[in-house]
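Down below is the structure, laid out as structure tokens.
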Amino acid sequence: MTSSLTRPDVEQVRTWLEDVPDPEVPAVSVMDLGIVRDVQWSGDELVVAITPTYSGCPATSVIAFDIEAALRARGLDRLRVERRLSPPWTTDWISQEGRRKLEAYGIAPPAENAGGPSVFDRLLRKPLVIACPRCKSENTARISEFGSTPCKAQYRCDDCLEPFDYFKCI
Amino acid sequence: MSGQEALFEYLLRLGDNALILGHRLSEWCGHSPALEEDLALSNVALDLIGQTQLWLNLAGEVEGKGRDADKLAYLRDARDFRNLLLVEQPNGDFAATMARQFYFDAWHYLLLRDLTGSKNARIAEIAAKGLKEVTYHLERSQEWVLRLGDGTEESHRRMQTAVDDLWMYTGEMFESDEVDQAMVREGIGPDLSSLHEPWLGLMRSTTDEATLTLPQPGWAQRGGKRGIHSEHLGYILADLQFLQRAYPNATW
């Protein structure tokens with residue numbers, strides 16, 4: 001059992017969670033993506049709050065399991081991972097470090113802040129310019145609004161001719 | 001009907017719309033005209049099934065009889081489903097699927113946007129989550145109506161046919177009954193008739209740009225919200241519920 005003398009502080013736990021990769025995009029951690037919303041002690045139980053990226057994201061239960069396994073491996077035996085829906089996850093919570101890792105991995109990071117104009121206005125607007133994560137060219141075209149997971153769209157670079165994923169803003 | 005019963009009915013409608021349309025879209029998996037579309041349709045289906053879990057789990061809590069989202073999805077008969085007739089219509093060709101989606105997405109977007117201000121905090125947070133996803137659904141389905149409407153002679157003909165054929169199922173989205181009125185009184189949900197004007201505005205501007213003709217208001221087919229469905233729903237449930245009916249409580 002973890003006593004108050006031996007229990008690690010939450011900053012330490014956060015550092016450990018930096019090593020837990022996202023199951024779908026293993027280049028970034030669950031901390032980088034902003035999925036972990038809160039870490040705190042409730043008596044002698046550690047409570048980690050996570051939020052799903054998309055409501056149907058099948059990775060959410062895997063993430064909860066991975067977090068629990070990682071913390072148990074660090075010797076924590078009284079812990080609970082809880083799901084929190086509100087406020088809803090936004091790509092604005094992806095850290096600068098996370099954005100850098102995504103790009104290095106070949107996924108263009110979100111290009112703007114979420115929560116912009118309403119969709120009825122956005123439908124009249126010109127599409128965003130997304131730079132190719134490989135050659136940095138801005139001569140790119142969207143192939144589809146959805147990619148290999150709900151959080152990504154598919155693009156093509158018209159200079160280096162490589163297809164790539166774009167992590168879209170929500 | 002008590003307030004709790006009305007709330008349960010209302011949550012079933014929200015959940016069943018997402019469930020049945022999500023299931024319809026999943027039927028395209030492996031059959032779409034292009035790989036990108038296969039992925040996109042499956043992803044939209046996944047969003048909708050995710051939203052279904054949130055709505056139906058809450059419905060089960062409100063009902064208080066120990067039913068969760070799985071029990072509500074797999075163990076009710078057609079007469080107990082509360083989805084709109086629009087979402088159970090067959091996929092047809094790709095134009096029919098996209099016209100159905102555009103009609104629904106625009107309405108769904110407006111409804112969820114209003115529900116983010118619901119006095120029921122649980123409903124407001126599910127709506128806020130879903131709204132982000134539905135925004136992408138709407139952008140995409142509008143793009144397809146534009147592309148096919150203002151495309152080739154063949155694609156135009158198919159999209160015009162789809163827009164015409166599905167039109168009679170749109171009226172039901174804006175009609176209120178005692179359940180909807182109870183939600184308005186309690187500050188839980190919007191007056192559905194207030195969604196009609198903005199919805200119609202987007203339909204007009206989109207069909208104009210797509211060189212399509214928007215059908216005239218006319219006879220509206222209705223009944224889904226009260227459990228009176230077209231014959232299609234039974235076939236959907238036969239597919240969706242087969243496993244739990246044949247092997248009760250099976251898990252994997």
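None of the figures in this text is laboratory data; all of them are computed from the coordinates on show. Note that the structure is a prediction, hence the values are computed from the model and not measured. Neighbour counts run over all protein chains shown; Cβ positions are idealised from the backbone, glycine included.
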Calculated on alpha-carbon atoms, Rg and Dmax of the stretch A:10-83 in Å: 11.4, 34
Whole-angstrom gap from the stretch A:22-86 to the stretch B:200-232, using each part's C-alpha centre: 43
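Relative contact order (percent) for the stretch B:3-246, with alpha-carbon contacts under 8 angstrom and 6 or more residues of separation? Present the calculation step by step, with values, prior to reporting the outcome.
Numbers: 349 pairs, mean separation 62.1, N = 244.
Rounded, it is 25 percent for the stretch B:3-246.
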Coarse-grained scattering of the stretch B:47-90 at q = 0.18, 0.20, 0.22, 0.30 Å⁻¹, given as base-10 log I(q)/I(0) from a Debye sum over alpha-carbon atoms: -0.57, -0.69, -0.81, -1.17
Tail fraction, Cα-Cα pairs, the stretch B:3-246, threshold 24 Å, whole percent: 43
Surrounding net charge for B:G30, when Lys and Arg each add one and Asp and Glu each subtract one, Cβ distance under 13 Å: -3
Chain B: angle of helix B:94-115 to the longest principal axis, Cα-based, in degrees nearest 10: 50
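If you average over every viewing direction, what projected area does the convex hull of the Cα atoms of the protein assembly as shown give, in nm²?
On the way: hull surface 89.0 nm².
Its Cα hull, projected and averaged over all orientations, spans 22.3 nm².
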Contact order normalised by residue count of chain A, Cα under 8 Å, 6+ apart, percent: 18
Average partner coverage of A:150-162, which counts Cβ from other chains inside 10 Å: 2
Degrees separating the helix B:3-26 axis from the principal Cα axis of chain B, which is the longest one: 40
Charge sum, other residues only, whose C-beta stays under 15 Å from B:T170's C-beta, Lys/Arg counted +1 and Asp/Glu -1: -3
Surrounding net charge for B:S118, when Lys and Arg each add one and Asp and Glu each subtract one, Cβ distance under 10 Å: -1
Backbone HN-Hα couplings from phi across the stretch B:195-205 [Karplus 6.51/-1.76/1.60, Hz, Gly and Pro as x]: 7, 5, 5, x, 5, 5, x, 5, 4, 4, 5
Chain A - Debye-derived log10 I(q)/I(0), Cα point model, q = 0.11, 0.13, 0.17, 0.20 Å⁻¹: -0.52, -0.69, -1.02, -1.29
Sites matching trypsin sites (Lys or Arg not before Pro) across the stretch B:1-99 that sit in DSSP coil, with at most 11 neighbouring C-beta atoms within 10 Å: B:K65
Per residue, the convex hull volume that the Cα atoms of the stretch B:188-252 enclose (Å³): 221
Bridge type composition, the protein assembly as shown - antiparallel percent by DSSP, nearest 5: 70
Long-range Cα-Cα pairs in the stretch B:77-158 (distance over 18 Å), rounded percent: 54
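Could you order the peptides B:154-163, B:237-246 from most to least packed, using the average number of other C-beta atoms within 10 Å per residue? If you can, show how the numbers build up before the last one.
Working: B:154-163: 19.4, B:237-246: 13.5.
My ranking of the peptides, most packed first, is B:154-163, B:237-246.
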The stretch B:69-111 versus the stretch B:121-197: alpha-carbon centroid distance in Å: 11
The stretch B:1-91: C-alpha pair distances exceeding 24 Å, %: 24
Viscosity 1.002 mPa s, 20 °C: Kirkwood-radius Stokes-Einstein D of the stretch B:123-252 over Cα pairs, µm²/s: 120
